[in-house]
Structures are given as structure tokens and as C-alpha cells.
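Undergrad: The structure's right below; bear with me while I get my questions together.
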Amino acid sequence: MSDLIRLLPEHIANQIAAGEVIQRPASVVKEMMENAIDAGADKIHVVIKDAGRTLIRIVDNGNGMSPNDAVMCFDRHATSKVRSADDLFTLTTKGFRGEALASVAAIAHVSMQTRREEDDTGRSIVVEGTKIKSNDACVCPLGTTFDVKNLFFNVPARRNFMKSDNVEFNHIREEFERVVLAHPNLSFTLTHNDIEIYQLHQGGLRKRIADILGKGANDKLVPVEEKTDIVSLTGFVLKPEFARKSRGEQYLFVNDRYFRDNNLGHAVSKAFEGLLAPKNFPGYFLYLTIDPKKIDVNVHPTKTEIKFEEDRHIYMIILSAVKQTLGKYNVMPSLDFDQETSFDLPYSMKNQPVVEPEIKVNPMYNPFQSNSGKGSSSGFTKAVSAQGFGNNTASPQDWENFYSIEEESNSEQGILFDSEEEATESRETLIKDRYLITTCRSGLLMIDIQRAFERMVYDDLFNRFISNPIESQNLLFPVEKNVSKEELSAWEEQEQMLKRLGFQWEIRDDTLMLTAVPSVLVQESIQVCLDLILEEIAFKAIDKGDIAHLIVRSVATAAGKKKHQLSGAAAEQFIELLFACPEHALSPSGKKIMQTLTLDEISNRL
Ligand code: ADP
Ligand code: MG
């Protein structure tokens, strides 16, 4: 039998490859806009006729091409952007595969005019189904103009696959928006059937997002900002009340490139947890900047999926940054979890810029050590006693020392009580060590202390352990537990996370011995904590994004299970710290922390 394998003719190979990159008119728009940006253009016009069936024209004022390059650019794997394999790992351009123009040329009629600054005449080239039909000198402005006509003229299956003009134009608009949102410093226009859809002038990010979102958008946005060694993050989230039932307004960018990532999207949703009505999706525009070596853009032909080397950390960073934003800007739940908590609270936060009380953490803190032994001259100790936190006698339970507030912190920092003349008097009452009751403008505010404490510990630990390992305390006597094989392997699987949180251990046969724990745990809550963590990680199917949340929540829950002694000033401080948490109304397990009893309700009952 003769040999069967044959090489495909080039035009067929090109057509097949084109199918990967160019799925519909919108793909042409995306690839060509990106080429214009790579060519250094700062004004880009996109002109569309009949949703791209009749014409896609992209006009740029970029660098243009030399007469040779103007022909070369239509060859497969022709690119000016990658010279060696190493370049693939330091990419700063959008394109690099040298496939887009070859693909478009294989399945459409393309004409192009291009001129560089140093050339008096430009080049005009016509290509149809990979064949160069003409190549002439021409007079044309600086930059490059592409006209793409008769898309899929030689691929009937693709042509038939196209949807209505409405649908196809929506795809074009979507790709256009993704590109322009990544480049607020450039000007763009989009015209469809002679109607101008967008005219976008260069400006700041906020303005660009507002231009795309439309009227009133500016009031919907709250900024997100975070800088770490791994990644810097900037951008905006939409306030929860503008969340929608569709995922339309969710944008992630990395190094000025739009990408899709369910996992990182989940981090944002997680940060919004408890703030959205059911089935609503948060809106966000988040921009990551990261060393190009740490991402791989080359995992998908259209480059909208990206692999991150440190995806877990990035997940945490996004989660924490968005949470902080929601807290800092005092974004309240849109959820109507009982109208009592509709934040008609005593605190006139709404019209004031809110500054978070600064939470200081003492890395030297040891709950088994007496305060007095540490020398009361330290700023930390002074701050603690000024706030009425802690006891002067040794007490293993003075967890409050874990937090301290800057001495100069004052009521301007957000939470103002209704009648300030009363501020010197204590208005908080403790009921059976479980509830704190305080007066507020509308009546009485009742707080579940244990849940509130869980929330505070949870937020604090979570925010800190993302950037640094948590300080731990060595145990004089290890806390031991007999564990099953499954429990042990689940525990070891989370080794990195647990160590980062401050746990150290040894394993002997089937005994897990904790030798150090996060310092927020007091002796009697360690066993509880161990049980809780094992229960969370060993017997439930959990996705990886949830593990940190579950472990930190276990620590917070265990830390909360203790007697809370809140004297007057400490109680006030406690409330203040609680309200500094973005989700102060719900515990990490989603239980209600507070409830108000209005004057009307009280008088109805009496
Ligand atoms: P890639 O962008 O991956 O390099 P393309 O097929 O999209 O591959 O483009 C091939 C080459 O053609 C580019 O590397 C660039 O040199 C050139 N080119 C394409 N579009 C433009 C443009 N608008 N202005 C200047 N040069 C361009
Ligand atoms: Mg390209």
C-alpha cells in the first residue's frame, strides 16, 4: 500500500488555522485594533458596515510598514514582535504569533495602505484568499489602514455560521470595549453603518470606564488599589447596588490585555459575599500588572486565557483588595437582611469620607505574658491602656491586646455617636457575656459578641496572611490529636497554608502534635480550632479558592469561643473595630452579628 500522509496545500492550512483565530467579524476587529496599538498608534478608528459582513475598516496613525514588511505581514508566522524563544516570556506586545493577518488574508478580501514617517510614498496592497493581487506605491497618510471585505467568502460553513447583524455587531462592540478599556490613554472611534457608536478621547481610567458604562457611571465606581511584590492591582468595582443579573460588567486585564478567568472572578464574587442580592453578579474593572515572565499568554489562540504562575496568591490579593475597598468606602449591603440593619445606625458615616481606624498588630504579643512585664512605656501598651483594652494583671485571655488603636485615633475616623455630649459616659451594656447592647439614633443596637469577634479576627488574619506569614506562638505543651489517614493527608496537603497562618506541628504515627499556633488563639481554644480545621478540610469537597477562607474561619471561630470581658471603653472600642470590617453585619459563616430594635418597636412592646 502506498504512503498516505500528504502535506496540506498552504491555502487550506491557512484556512484551517484561520478558523482558530478568526471566528467571526469581531475577531478581525480585535486582532486589527491590537496590531494598531502594537504599532504605537494613539488614534484608532473602527468603521463597520453590516456587522462586518460588508466592511471592517481599521484606520491607525501608528508607525506604518516598509514596502517589504507590507508584503511579509500576510505570511503565516510573520511577526516583528518575537525574535527568539526567550522573547515569548517577556512579551509587552499584544500580538506575537504572526497569525492574524495571514488568517484574515486567507478568508477575506483585504486591502491595505501603509506609510512610515521616513517614506514619501506609501504602499497599497490587495490580497484575496492568501494571493497578493496588487502591490503599488500610493499616496496615503502616516500609519496603516486595513479594509476587510467579504469575510469567509471561501468558507461557506463559517459564513452560514454567522448570526444576525445584531448579534454579530454586539460581539464587535464587546471586543472594541475590551480593547478601549485596556487603553484609556488612546483615542478611539467606532462607527456602524455611518452611525457613530463611540467617540472616546484619551483620558484617565475612570473616565474611560464611565464612557463605556454610560450615564451616572461615575457614582457607581469605587476604586481598588493594591501593590505587592507579586502583582499590582488597580481599577474599580461597582457598588453592590449596581450589581446585575448578568455577568456583563466583569472585566479583568493583565498588562493591558483583557482576559477571562473564572477563578479570579470568583475572588471578586467572594469579596462581595453577603453584599449582593441572590443571583446578582458584581461589576468590576480590575487591572493587574505583573512580570510578563510570570504569566503565559500563549495557551489559547485568541489569547483571552492566561496562565498565572502564582494564581493562588493573586486570588488572595484580589479578594483582600476588593474587600478592603468595600470596607473603606463603606459600601453597604444591598441585601435587605431585615430592614433593621438598613444602617440607619447612630453613625453618620454616609456623608463623610470614612477613614478606617488603623489597626496595629503587636508581633511580640504573647497572651501568656503579663502586660506589666513588657514595660508600659511602649507605644503599644500605652495605646492599649488608653483605650481601656486589656488588664493590668496577667491574663491569658487579654486577646484584646491583639488589636490596638493609634492613641490619637478619634471619632472623626468614621463612627460618630449620636449625642456626643454623652460620649464620656459608657452607653454599652453587657448581657451574660454574650451580647452587647448600645443605644443608637433609631433605638437599641444589639450585637452578638462572639460572632462580632469572629468577624474581626477573620478579617484581620485574612488581610494579613496574604502579604505576610502570621506570627505564631510556640506551645510549651503540644496539643495532640489522634487523626485518621484521610485527616492526616488533608492536613498535609494544606501544609503551606497552615504554616503561613502560624501553625507548626509534628507527626508521630497517627498523632498530630501542634507545637505552635497563630497567636490569636488562647490555650483553651487550640483543641477546638484543630477539630474545626480538620472537619472543614477532611470531609468536604471544597474548591481551592475556599480553603483559605475555611481555615481562617475555623481559627476565627475557635478564637471567638471564649469569655469576653468588655468594660465600658473596651466595649466602645470593640464596636468601632467591628464597624471597620467591611462585612460587619455578618459573621464569616454568614450569621447575623447585629440587630436594631427601633423606638417604635420598643414602644409597641411596652
Ligand atoms: P502579530 O501581531 O502576532 O505579530 P499579525 O499577523 O497580527 O501578527 O501581524 C504581523 C505583523 O504585521 C506584525 O508583527 C507587524 O509587524 C505588522 N503589522 C500588522 N498590523 C500593523 C499595523 N496596523 N501597523 C504596523 N504594522 C502592522
Ligand atoms: Mg497581531
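Undergrad: At negative phi and at pLDDT 85 or above: does that describe Leu498?
TA: Considered against the rule, which asks whether it is at negative phi and at pLDDT 85 or above, Leu498 comes out as yes.
Undergrad: Right, next: For the range 491-536, name all the residues that are farther than 27 Å from Arg312 by Cα, acidic (Asp, Glu) and in contact with a strand residue (DSSP E or B) (Cβ under 6 Å, 6 or more places away or on another chain).
TA: Asp510
Undergrad: State all residues of the range 492-513 that are out of contact with any Pro (no Cβ under 9 Å at 6 or more places or on another chain) and over 16 Å from Leu475 (Cβ atoms); if no residue qualifies, say none.
TA: Glu492, Glu493, Gln494, Glu495, Gln496, Met497, Asp509, Asp510
Undergrad: Read through the list (1) surrounded by fewer than 15 Cβ atoms within 10 Å (Cβ to Cβ); (2) within 14 Å of ligand 2 (Cβ to nearest atom); (3) at pLDDT 95 or above, then give the number of the only condition that Glu117 fails.
TA: That leaves (2) as the condition not met.
Undergrad: Let me ask something additional. Scan the range 261-273 for residues that are closer than 12 Å to Phe308 by Cα and not hydrophobic (A, V, I, L, M, F, W, C) and report the count.
TA: 2
Undergrad: Quick check on the range 294-302. Is at least one of its residues outside the structural domain of Asn14 (by TED's automatic domain parsing), surrounded by fewer than 19 Cβ atoms within 10 Å (Cβ to Cβ) and in a helix (DSSP H, G or I)?
TA: yes
Undergrad: Right, next: In the range 27-49, is there at least one residue being of a type outside the set (A, V, I, L, M) and farther than 30 Å from Gly203 by Cα?
TA: Scanning the range 27-49, I find no residue that is of a type outside the set (A, V, I, L, M) and farther than 30 Å from Gly203 by Cα, so the answer is no.
Undergrad: Would you check which residues across the range 217-248 are crowded, with 17+ Cβ neighbours inside 10 Å and more than 21 Å from Ile314 (Cα to Cα) and list them?
TA: Correct list: Ala217, Lys220, Leu221, Lys239, Pro240, Phe242, Ala243.
Undergrad: Quick one: in the range 191-221, of everything that is in contact with a strand residue (DSSP E or B) (Cβ under 6 Å, 6 or more places away or on another chain) and in a strand (DSSP E or B), which residue is nearest to Leu181 (Cα to Cα)?
TA: So the residue we want is Leu200.
Undergrad: Same structure again: Hey, could you check the range 180-200 for residues that are more than 27 Å from the chain's Cα centre (by Cα) and not hydroxyl-bearing (Ser, Thr, Tyr) and say which is surrounded by the most Cβ atoms within 10 Å (Cβ to Cβ)?
TA: Leu190
Undergrad: Output the residues belonging to the range 501-531 that are among the charged types (D, E, K, R) and at negative phi.
TA: The answer is Glu506, Arg508, Asp510, Glu524, Asp531.
Undergrad: Report every pair of residues separated by at least 6 positions or lying on different chains whose Cβ atoms are under 9 Å apart, first residue within the range 149-163 and at positive phi and assigned by TED's automatic domain parsing to the domain that holds His109, second surrounded by fewer than 16 Cβ atoms within 10 Å (Cβ to Cβ) and of a type in the set (A, V, I, L, M, F, W, C).
TA: As it stands, the answer is Phe152/Phe161, since those pairs meet every condition given.
Residues checked against (1) buried (at least 22 other Cβ atoms within 10 Å of the Cβ); (2) not charged (D, E, K, R):
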{"residue": "Asp510", "(1), (2)": "no, no"}
{"residue": "Met513", "(1), (2)": "no, yes"}
{"residue": "Gln527", "(1), (2)": "no, yes"}
{"residue": "Ala556", "(1), (2)": "yes, yes"}
{"residue": "Ala559", "(1), (2)": "yes, yes"}
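Undergrad: For the range 222-240, what are the residues that are not in a loop (DSSP other than H, G, I, E, B) and not hydrophobic (A, V, I, L, M, F, W, C)?
TA: Result: Pro223, Glu225, Glu226, Lys227, Ser232, Thr234, Gly235, Pro240.
Undergrad: What residue, among those in the range 66-96 that are of a type in the set (A, V, I, L, M, F, W, C) and modelled with pLDDT of 80 or more, is farthest from the chain's Cα centre (by Cα)?
TA: Val71
Undergrad: Can we say Val104 is at pLDDT below 90 and within 11 Å of ligand 1 (Cβ to nearest atom)?
TA: Criteria not met by Val104.
Undergrad: Count, please, the residues in the range 48-77 that happen to be more than 14 Å from Ile132 (Cα to Cα) and more than 9 Å from ligand 1 (Cβ to nearest atom).
TA: Final tally of qualifying residues: 13.
Undergrad: Contact list please: Cβ distance under 8 Å, first residue in the range 206-233 and within 24 Å of Ile290 (Cβ to Cβ), second residue assigned to a strand (DSSP E or B) and basic (Lys, Arg), pairs at least six apart or on different chains.
TA: Leu233/Lys227
Undergrad: Counting just the residues of the range 465-492 that are without any contact (Cβ under 8 Å) to a residue 40 or more places away in the chain and among the charged types (D, E, K, R), which one comes out surrounded by the most Cβ atoms within 10 Å (Cβ to Cβ)?
TA: In this case the residue turns out to be Glu480.
Undergrad: If you go through the range 241-262 one residue at a time, how many are among the acidic types (Asp, Glu) and part of a helix (DSSP H, G or I)?
TA: The total comes to 1.
The values are calculated or read from the model by the stated rules, or taken from the named source; none is laboratory data. All figures in this text were calculated on a predicted structure; none of them were measured in a lab. Note that we place each Cβ from the backbone using ideal geometry, even for glycine, and neighbour counts take in every protein chain shown.
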